[in-house]
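J.: Right, I'll just put the structure down here and ask away after.
The values are calculated or read from the model by the stated rules, or taken from the named source; none is laboratory data. No experiment lies behind these values; they were computed from the predicted model shown. We place every Cβ from the backbone using ideal geometry, glycine too, and count neighbours over all the protein chains shown.
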Amino acid sequence: MPHPVRGAHALAPRWAALLPPAYLAHLCEEWWGGPGFAAWAALTMGMDVSPSRFLAINAVALPLFAVTTVAALRSARFGWLAAALATLLFVNGCLHLLATAVFATYSPGVVTGALLYLPLGGLVCRSMSRSLSAAVFARAVAVGVAAHAVVVVAALA
């Protein structure tokens, strides 16, 4: 069967609605898991991520993430955002796994990163890669990677 024509606009798949709850679950694990992500980052990597900065970033990011997901689900014009958000989560899940392996210690967020972010992010990206043009999908992935980098810089600022 021929592959359908891919374009610049496509609705996000329905299971993209699980992205915000996955983010919330991950946030809870980062806050309450082990010593908490902020303390773990300071102890393990010498990074100064204050708990108040962690909360401030996520107090802005979580509602923005939810609104963006709804836009991707309701309007094909914004469907590409689902690929960007899924990429952000997928990258974060990979980094938690990498940190856990490199430092041989539990990184708060690794469980939800591995069990939620990787499969869900992968599924949403795979779906969007089939419905968006290659160029639009590549830009969406680049936006997701850049957004993750902005979060890291904001956390360390």
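J.: So which residues in the range 85-107 are farther than 28 Å from Ala17 by Cβ and touching a Gly at 6+ places or on another chain (Cβ under 8 Å)?
T.: Result: Tyr106, single match.
J.: Okay, moving on. So His9 ticks every box in (1) under 26 Å from Pro119 (Cβ atoms); (2) modelled with pLDDT of 95 or more but one. Which box is left unticked?
T.: (2)
J.: How many of the residues in the range 112-139 are crowded, with 18+ Cβ neighbours inside 10 Å and either out of contact with any His (no Cβ under 7 Å at 6 or more places or on another chain) or charged (D, E, K, R) (or both)?
T.: 11
J.: Which one of Val153, Val67 is assigned to a helix (DSSP H, G or I), at pLDDT below 95, farther than 12 Å from Pro13 by Cα and out of contact with any Phe, Trp or Tyr (no Cβ under 7 Å at 6 or more places or on another chain)?
T.: Just one listed residue meets the conditions, Val153.
J.: For the range 40-55, give me each residue that is over 21 Å from the mean Cα position of the chain (by Cα) and either aliphatic (A, V, I, L, M) or within 10 Å of Ala155 (Cα to Cα) (or both).
T.: Within the range 40-55, Ala42, Leu43, Met45, Asp48 qualify.
J.: OK, next. How many residues, within the range 21-33, are touching a helix residue (DSSP H, G or I) at 6+ places or on another chain (Cβ under 6 Å) and part of a loop (DSSP other than H, G, I, E, B)? Walk me through it before giving the result.
T.: Of the residues in the range 21-33, the ones touching a helix residue (DSSP H, G or I) at 6+ places or on another chain (Cβ under 6 Å) are 22-23, 25-27, 29-30.
With part of a loop (DSSP other than H, G, I, E, B) added as a condition, the list becomes none.
Counting residues in the range 21-33 that are touching a helix residue (DSSP H, G or I) at 6+ places or on another chain (Cβ under 6 Å) and part of a loop (DSSP other than H, G, I, E, B) gives 0.
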